[in-house]
Amino acid sequence: MPKTDLAYFAGFFDGEGCIIIGTKNCTWNKNHLKTYYLTVSAGSTNHWILELLRFQFEGKVYLRKPQELSRKPFWQWNVQNRQALRFLKTIAPYLKLKKAEADIAIQWQEKRHMGKHYNEGERAIAEAQKILLESLKKRSD
């Protein structure tokens, strides 16, 4: 992919994207341990740009309900875990606003044990990285 395209995607993502380290409780095990996941998403009223992201980096594009003020259809693109890692690693050199968030998410996902539960120490580190990512978001708002 040309560097100009990567810079374009990074610029779009800097403005319209979101990086989340999320948790959900596993009710299927007796300890009710948290499961962690990485989600990367971007939203726009321009369906075309999100389909380009899906074509280049996989994931899914969803139609959201129109916002009351604009009444335009709003589209959202999402990728998770390994696909999110691939996307972030590809555009990271071109990011400006979300560079620190992307670096944390990349490091977090690379160390993640796919399909395994964290031990106590790993759970604490994952939670700390989640909190750090959230604090970076608040600082940039």
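The values are calculated or read from the model by the stated rules, or taken from the named source; none is laboratory data. Please read all numbers here as calculations on a predicted model, not as lab measurements. A quick note on method: Cβ atoms are made from the backbone with ideal geometry, for glycine too, and the neighbour counts reach across all protein chains shown. All accessible areas refer to the heavy atoms of the entire protein, side chains included, with ligands and DNA or RNA removed. Shrake-Rupley method; radii C 1.70, N 1.55, O 1.52, S 1.80 Å.
At-a-glance table
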| item | result |
| --- | --- |
| The stretch 1-25 - residue that is open to solvent by 20 Å² or more (accessible area, probe 1.4 Å) and among the small types (G, A, S) and, of those, nearest to T45 (Cα to Cα) | G15 |
| Contacts under 8 angstrom Cβ, first residue in the stretch 32-45 being modelled with pLDDT of 95 or more, partner acidic (D, E) and open to solvent by 60 Å² or more (accessible area, probe 1.4 Å), 6 or more apart | A42/E16 |
